[in-house]
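The values are calculated or read from the model by the stated rules, or taken from the named source; none is laboratory data. Small disclaimer: the values here were computed from a predicted structure and weren't measured. Reconstructed Cβ throughout: ideal geometry from the backbone, glycine too, with neighbour counts over all protein chains shown. Heads up: the accessible areas ignore ligands, DNA and RNA and are worked out on the full protein's heavy atoms, side chains in. Shrake-Rupley method; radii C 1.70, N 1.55, O 1.52, S 1.80 Å.
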Amino acid sequence: MSEDPITKSHAADFPQDEPRIGVYVCHCGSNIAGVIPPEEVVDFAGKLPGVVRSIDTMYACADSGQRLIKEDIAKYGLNRVVVSACSVRMHEPTFRGCVAEAGLNPFLMEMANIREQCTWAHGHDRAGALEKAKDLTAAAVAKASFLTPLNMIKVPVTKRAMVIGGGVAGINAALDLAEQNIPVTLVEKEPTIGGVMAQLNKTFPTMDCSI
Amino acid sequence: MVDAARQPLIEVKTFTEVEKVEGYVGNFVVTLREKAKYVRADRCNGCGACTKACPVEIPNYFEMNLAPRKAAYIPMSQAVPLIYNIDMDACIHCYKCVEACGALEAIDFSMEDKLVEQEIGAIVVATGFSHFDPTPMTEYGYGRFPNVITAMEMERLNNSAGPTNGALIRPSDGKSPKQIAIINCVGSRDKRYNPSCSNFCCMYAIKNALLLKQMHPDTEISIYYIDIRTPSKGYEEFYDRARESGIRFIQGRPSEITEDPDTHQLFISSEDITLGKVIEREYDMVMLNQAAIPQPDQNHMSSVLNIAQSPGGWFMEYHPKLRPIDSPTDGIFFAGACQGPKDIPASVAQGSAAASRASRILHSDSWQIEPTVAVVWPDRCVSAKGQACGICARACPYGAIDYTKGLAAEVITAKCHGCGACVGECPHDSITQLHYTDAQVLAQIRTLLAVEPEKKILAFRCQWCSYGGADLAGTSHFEYSANERGLRVMCSARMDADLIYDAYRLGAGAILYSGCHPQDCHYITGQVVGAKRAARLEKIFERMQMSPGRFRVEWISAAEGDKYARVINEMQASLDAIPEDALKAEIERLRPEMAKKLTKLNEIPGVAQASVQVDFIVDEMIGKEKVA
């Protein structure tokens, strides 16, 4: 089975180090800054206990934004990073990678979603959006204060693929995998592969046989 | 098709269904049901003697039931692999096939379904689509009027390998039709059936019209359409060719087809938008261009694979723009129309893309997975003190918890998927989840409710669905109340009752408890655990006479941005309906009751320590208000 690099008791422990948090509030061009003034979130976050650096950036995900975060980690001795920007579904891997490049454990980064779940949803209520952006940032700071470093779990890989469905897409996927020397099981519920494609007469644009 | 069968690294398993998928990226264990063919693959030489001998005839689904097949059959002559089947539902056990097979002895009536397990590193789901059955659209008379046929029936009728060897005849009298109509968007772009566009049918109508025209130049063909959509390379040129070749395009969705019962001639009533009037035209034959719909077993596959469906029932991708090939489950990828209607070039391209995504994993010796797993504090576990419990093991959807009475429960890290069901269920707070510890989540709740908590709607969302739904509300700019304060955990199963009680103790105005729909759960049965708990909480709060609307449970998928916005707005309206004084009084009345349920909260490792730091943060936040 897998290696187990989690020293369990340690990982669940309360962090012992004093938090030194950097907060980065993204403008995302006008996506965020068009609704709320990021500087106000920066000023607010800068006063929160544990925060030693708070600054806005035009695009946190851009090279310049990431460079700022990486330089600050060294310059201010940051041990936690909060990025108030977009959805974790968008850029959590980006910022985890960014802090890791600066030598910080990637799980010591927390995001506040002040774009999809704030400025984009509350364009009609700018004051409300600003209050919400501050609260979401504060919540991220609060969580970040208690984050502990974690390591990804490494698991072995069985070198065999399964393709479920033997239509034109599945057949092509199976062929591509096999041509890369990967064994494939191609599963089809009907008695023959071919799918809908096999039932068709000549097809666009070549107008030749479908099989 | 033949290439796939010839490739030595591809094992083709036909007449086989996926029964169960367990495990995780790099390490799936898939159970397959190899259905009995009653013909032994190692002996059948594909000669077809059994089919010739078989006396039973039933409709052949492959020919859209326009031609018969035998009980001993292959669906089509080019079947791959070329191994015959005995259809046991139709077989009359005359054993003529056995006789005909003779010394080969390939037919074996004792065969049974076989369950086989395979260890698999990555899975490509390419289960395709199905066709809308136009029978319910009575206005078009499909099934009543013999000369109204579907697109797939036309495919077989016009196919040289089909039941008529390619002779185009109309079903009522076998005559060759001279006036043919094709109706587009049958069951698609129709709010009664499928609101979405089926993607390829415009091109498909044009292809069929051109093919018919080429083979039967004296035939007149009309295509009824709402819009003609030809966005890809070479498509518009193809449309031009069709118009130049004399195919008539009529913009208008037909309202009705009527039939002359003696001649079976058909009459289509429709608006012609370009002429600006209602027209009626006579045809010998009408082809209904049906919508593409999800497979009938798409729901079943969705739960076997633990992957969600978009509205409309298609499999839902991890991210519509950035990860369109990936399922939300690491190591499972989509190819073709199972993810949404696609034409042939797009399906082929997605097949290659899925192969490429999968090969990233399959070419690696190891793969990394998130460490957000559950961890037991052995000294807090009551089982270690001899008490019978095992609640955590029962809640776990993966059997990842080792429970033996007398020993502390233990999480098998490799099996844990990190839903947090055990954490939410443990009545003694003896388990936590890395990266979502009680100390961490409580800290978020306290800061989100620091200022004017009674005005806030605290929204607990699961990572995979409801958080995505909230994201989609934003990307779609569906506006909702800015009093919402969102919080993310991995699964609704992690939404511990303590977290909810504490939020009310802190004075939360309203709480949304949200997660995926049961069939979409990323963690098999995590949602079931969350839903049961939510139902218990609803009863508790009802007994406490909490005002209606202050606790709401909703299952919202990542595709339901509109629903997320609507639910929050409705919650805001319920909150607004409670007079401010009454709300404050109710919060005060319930505060001690909530506190009573939380007497042991501070004993959870880290919680008391964290609250000291959170106090400072909250003080600062309140101070901010005072200055303002």
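See the values below:
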item: Matching residues, the stretch B:171-196, being surrounded by fewer than 18 Cβ atoms within 10 Å (Cβ to Cβ), of a type in the set (S, T, N, Q) and under 36 Å from the mean Cα position of the chain (by Cα); result: B:196
item: Count of residues meeting criterion [without any contact (Cβ under 8 Å) to a residue 60 or more places away in the chain, surrounded by 13 or more Cβ atoms within 10 Å (Cβ to Cβ) and touching a strand residue (DSSP E or B) at 6+ places or on another chain (Cβ under 7 Å)] in the stretch B:274-325; result: 6
item: Complete set of residues in the stretch B:121-170 that are open to solvent by 20 Å² or more (accessible area, probe 1.4 Å), over 29 Å from residue B:298 (Cα atoms) and within 14 Å of chain A (Cβ to nearest Cβ); result: B:160, B:161, B:163, B:164, B:165, B:167
item: Residue A:209 vs. criteria more than 7 Å from chain B (Cβ to nearest Cβ) and at pLDDT 95 or above; result: no
item: Qualifying residue in the stretch B:23-30 (condition: open to solvent by less than 70 Å² (accessible area, probe 1.4 Å), in contact with a Lys or Arg (Cβ under 9 Å, 6 or more places away or on another chain) and in a loop (DSSP other than H, G, I, E, B)); result: no
item: From the options A:110, A:116, A:179, residue that is open to solvent by 30 Å² or more (accessible area, probe 1.4 Å), of a type in the set (Asp, Glu) and either more than 7 Å from every other protein chain (Cβ to nearest Cβ) or under 19 Å from residue A:34 (Cα atoms) (or both); result: A:179
item: Residue identified as within 12 Å of another protein chain (Cβ to nearest Cβ), in contact with a Pro (Cβ under 8 Å, 6 or more places away or on another chain) and either among the acidic types (Asp, Glu) or in a loop (DSSP other than H, G, I, E, B) (or both) among B:522, B:477, B:435; result: B:435
item: Which numbered condition residue B:215 misses (of (1) closer than 15 Å to residue B:284 by Cα; (2) open to solvent by 20 Å² or more (accessible area, probe 1.4 Å); (3) among the aliphatic types (A, V, I, L, M)); result: (1)
item: Unique match (being within 8 Å of another protein chain (Cβ to nearest Cβ) and either closer than 22 Å to residue A:59 by Cβ or open to solvent by 10 Å² or more (accessible area, probe 1.4 Å) (or both)) among A:83, A:155, A:141, A:99; result: A:141
item: Among residues of the stretch B:101-117, those that are within 13 Å of chain A (Cβ to nearest Cβ) and either open to solvent by less than 30 Å² (accessible area, probe 1.4 Å) or part of a loop (DSSP other than H, G, I, E, B) (or both), counted; result: 1
item: All positions within the stretch B:538-572 that are open to solvent by 60 Å² or more (accessible area, probe 1.4 Å) and not acidic (Asp, Glu); result: B:539, B:543, B:545, B:548, B:566, B:569
item: Test set (1) open to solvent by 20 Å² or more (accessible area, probe 1.4 Å); (2) within 12 Å of chain A (Cβ to nearest Cβ); (3) hydrophobic (A, V, I, L, M, F, W, C); (4) not in a loop (DSSP other than H, G, I, E, B) - residue B:98 fails condition number; result: (2)
item: Exclusive hit being in contact with a Leu (Cβ under 8 Å, 6 or more places away or on another chain) and either over 30 Å from residue A:15 (Cα atoms) or within 14 Å of another protein chain (Cβ to nearest Cβ) (or both), set B:620, B:588, B:593; result: B:620
item: Residue in the stretch B:448-458 that is open to solvent by less than 10 Å² (accessible area, probe 1.4 Å), assigned by TED's automatic domain parsing to the domain that holds residue B:521 and part of a helix (DSSP H, G or I) present; result: yes
item: Subset tally (residues that are surrounded by 24 or more Cβ atoms within 10 Å (Cβ to Cβ) and not aromatic (Phe, Trp, Tyr)) for the stretch A:120-130; result: 2
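A quick yes/no check of all residues on (1) touching a Cys at 6+ places or on another chain (Cβ under 9 Å); (2) at pLDDT below 95; (3) not in a strand (DSSP E or B):
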{"position": "B:173", "(1), (2), (3)": "no, no, yes"}
{"position": "B:198", "(1), (2), (3)": "yes, no, yes"}
{"position": "B:206", "(1), (2), (3)": "no, no, yes"}
{"position": "B:214", "(1), (2), (3)": "no, yes, yes"}
{"position": "B:228", "(1), (2), (3)": "yes, no, yes"}
{"position": "B:240", "(1), (2), (3)": "no, no, yes"}
